[in-house]
Amino acid sequence: MAKSLRAVACSAVLMLAFTACSGGSDTGAPAPSTPAPTTTTPTTTAPTTTTPPVVTPSAVPSSTASGVPARTAAQLTKALLALADLPSGFALEGDDAGDDADVAVSSKDSRCTKLVAFTNADNPPGSKASAGQSYSGGAQGPFVEESIDAMGSPAAARALQKSFKRAVAACRTMTLKVPGEGSSPISVREVSAPEVGTDPVAVRFTATAGPLEGFEVTMVTVAVDDVVVAVTVINGVPEDIEGATTAAVEKAQDILGASTSGT
């Protein structure tokens, strides 16, 4: 969940540059709240064969102390959304993990210390394995990023959600620095989360001035048994956020055999 804001900021710079050159501001058609499978070839960026970024793979699954089978990065990758799970017109984005290496979030407000740590880390604290993928709904979006982190137990997943929620509630503004673009103040606001999974948390980051002024990203994180599913959407409407999050949670439940209650 943590690297989403940094990675999405890089996408935002490209999106805003494209809009400035084209003189357009079309946000595209909203995605349905329950995305339907499609076999239509996306008309935007061609799907890439780049393997989604994964970390901490385990060769052989084992059981954790909580009795939950240890997740591998390969298993988590299979649980990520596929193009068939998204509306027509979406395409997979390549691995741009290196592009956001120098992007950083900071704040002079000590109450934002924990949220800054969350957003600057490559993976949330306690993550045992992770997988992620980005999706584009066209040159103007919506842009969606999903990540799944295995936390080792349902209790650990819920604890992460509660910690993230407290961090969001304590912070009101941060600064986002993008090399070559400058810095922008980012407001932080908790918003209503889709009613899926366990302890869902939704936060909206909005650039209020500077080179990214007007840029807005919404991140939703949800505990699904022993994993945490995070979905980040930019240039989308509420239906995009609801639809992508619901589809991601349902896919995780189906592939990982996870329940929303952790039982």
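Descriptive notes on the structure:
- Förster radius 45 Å - calculated FRET efficiency between K108 and A155, Cβ distance, rounded to 0.05: 0.85
- Alpha carbon Rg of the range 91-194, scaled by the compact-globule rule 2.2 N^0.38 Å: 1.18
- Taking each of K128/K162; K108/K128; K114/K177; K128/K177; K114/K165 in turn, the alpha-carbon distance tops 22 angstrom for K108/K128; K128/K177.
- Averaging the Cα positions of each part gives two centres, and for the range 195-263 and the range 98-163 these lie 11 Å apart.
- Working from the Cα coordinates of the range 116-263, the gyration tensor eigenvalues give, after taking √(5λ), semi-axes of 26, 17, 14 Å in decreasing order.
- Taking one quarter of the surface of the convex hull spanned by the alpha-carbon atoms of the range 154-204 gives a direction-averaged projected area of 4.5 nm².
- Pairwise Cα inverse-distance average, inverted: Kirkwood Rh of the range 210-254 (Å): 11.6
- Rg/Rh, computed from the Cα trace of the range 131-170 with Rh as the Kirkwood radius, has the value 1.16.
FYI, it's all coordinate maths here, none of it is from the lab. Quick caveat: nothing in here was measured; it's all calculated off a predicted structure. FYI the Cβ positions are ideal-geometry reconstructions off the backbone, even for glycines, and counts take in every protein chain you see.
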